[in-house]
Amino acid sequence: MDIVLRSAGAFVFVFALLRVMGRRELSTLEPFDVILLVVIGDLVQQGVTQSDMSLTGTVLAVGTFGLLVVVASWLSFRSRTARKVLESAPIVILQHGKAIERNLTAERLTLDEVASAARIQQIASLEDVEWAIVEPSGQISFIPRGS
């Protein structure tokens, strides 16, 4: 029964934390968001079933990570210098329909993956693309030729 009550308490806390963090934090999976989600799962599991028998410990650990994500987001919003450190910059992977191999390699993308993303955006051929850019969110933006 103890684990059930602790699990319910942890669930309510994590739900409330995610609501307070807001939609912006949940709409894209930036590196801080991925870290938060992975760590929350591990910390809640430890607090609910492992040797740490304290719900307070779970709330403190998860709350700390949640607060750090919000602070990082706020710093990124308020400071250009912090934004450069905390967020990745867009990177061009296609220029005038031709692949920039070193950028594809740096992003660990294949031309097949880029072509698939282009087709999803109704672009039949990579030759029809003026620019393809990997955005900080990880999505690929395509600018067709002649735009």
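Each value in this text was obtained by applying a stated rule to the coordinates, not by laboratory testing. It should be emphasised that the depicted structure is a prediction, and the values quoted were computed from it without experimental measurement. When we count neighbours, we look across all protein chains shown, and the Cβ atoms used for this are built from the backbone with ideal geometry, even at glycine.
Looking only at residues that are of a type in the set (S, T, N, Q) and assigned to a loop (DSSP other than H, G, I, E, B) in region 102-127, which one is farthest from Gly146 (Cα to Cα)? Give the steps one after another, and end with the answer.
Quick first cut of region 102-127, residues of a type in the set (S, T, N, Q) only: 103, 105, 110, 116, 121-122, 125.
Keeping just the survivors that are assigned to a loop (DSSP other than H, G, I, E, B) gives 110, 121-122, 125.
Values: Thr110: 25, Gln121: 16, Gln122: 15, Ser125: 14 Å.
Selected residue: Thr110.
Tally the residues that are exposed (fewer than 13 other Cβ atoms within 10 Å of the Cβ) and in contact (Cβ under 8 Å) with a residue 24 or more places away in the chain, restricting the search to region 54-85.
Summing the residues that are exposed (fewer than 13 other Cβ atoms within 10 Å of the Cβ) and in contact (Cβ under 8 Å) with a residue 24 or more places away in the chain in region 54-85 gives 0.
Taking the residues in region 102-140 that are within 10 Å of Ile91 (Cα to Cα) and free of Cβ contacts under 8 Å to residues at least 40 places away in the same chain as candidates, determine which candidate is surrounded by the fewest Cβ atoms within 10 Å (Cβ to Cβ).
Ala106
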